[in-house]
Structure formats: C-alpha cells, structure tokens
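Please find one structure pasted underneath; my questions will follow.
Quick note: the coordinates plus some simple rules give every number you see, no bench work behind them. Note that this is a predicted model, so its numbers are computed, not measured. As a convention, Cβ positions derive from the backbone with ideal geometry for all residues, glycine included, and neighbour counts pool all protein chains shown.
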Amino acid sequence: MQCSRVRTALSARLDGEQLPPGITGGQLDAHVAGCVDCRRWSAGAARLQRLIRAARAADGEGERP
Ligand SMILES: [Zn+2]
C-alpha cells in the first residue's frame, strides 16, 4: 500500500472519521508496523490531534466577556 493512502486513512481514523474504501484498520496497523516513515508521521499526527483537541476544549470552556 502507498504511504500517502495510509496517511490519509490514519488521519481519518484520528479524526474519528470512516476509513477510505478498501482500507481496513488491520491493514493500517500492519503498514505502520513495517514502515518507519509512517510510524513517525502517525506519532506526529496524533500529537497534533491532541493539541487541537486541547485547544478546542479550552476555547469552549474559557471565560467569556
Ligand atoms: Zn508508509
């Protein structure tokens, strides 16, 4: 599987969206397990996702004028 397809699917999974057609979670995990580049990308994307979630949460609960 191409790395670009894997990353698109990983990004969707992180967002809680459906995986693109023809890709399963097991395939993703197998590719990431064997591909250092995608593993690194996945770690970075997951960290970014946490930051975005934290920022959104802070936005919703912050003090308002
Ligand atoms: Zn890859």
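Give me the dipole magnitude in Debye, nearest 20, for region 3-60 about the Cα centre, with unit charges on the beta carbon: positive for Lys and Arg, negative for Asp and Glu.
Numbers: 9 positive and 5 negative charges, 33 e Å.
Dipole of region 3-60, to the nearest 20 debye: 160 debye.
In sequence order, what are the phi-derived ³J(HN,Hα) couplings for region 27-41 according to the Karplus relation 6.51 cos²θ - 1.76 cosθ + 1.60 with θ = phi - 60°, rounded to whole Hz, with x for glycine and proline?
So the Karplus estimates, Gly and Pro as x, are 5, 4, 4, 5, 5, 4, 5, x, 10, 4, 4, 6, 5, 5, 4 Hz.
Residue farthest toward the positive end of the dipole of the chain, with Cβ of Lys/Arg at +1 and Asp/Glu at -1: which of C3, I23, V36?
V36
Can you work out ³J(HN,Hα) from phi for every residue in region 12-22, in order, using Karplus 6.51 cos²θ - 1.76 cosθ + 1.60 and θ = phi - 60°, giving whole Hz and x for Gly and Pro?
4, 5, 4, 7, x, 8, 6, 5, x, x, x
From zero up to wherever the largest Cα-Cα distance of the chain sits, split into 10 Å bins and tell me the percent of pairs in each.
Values per bin, smallest distances first: 20, 45, 20, 11, 4, 0.
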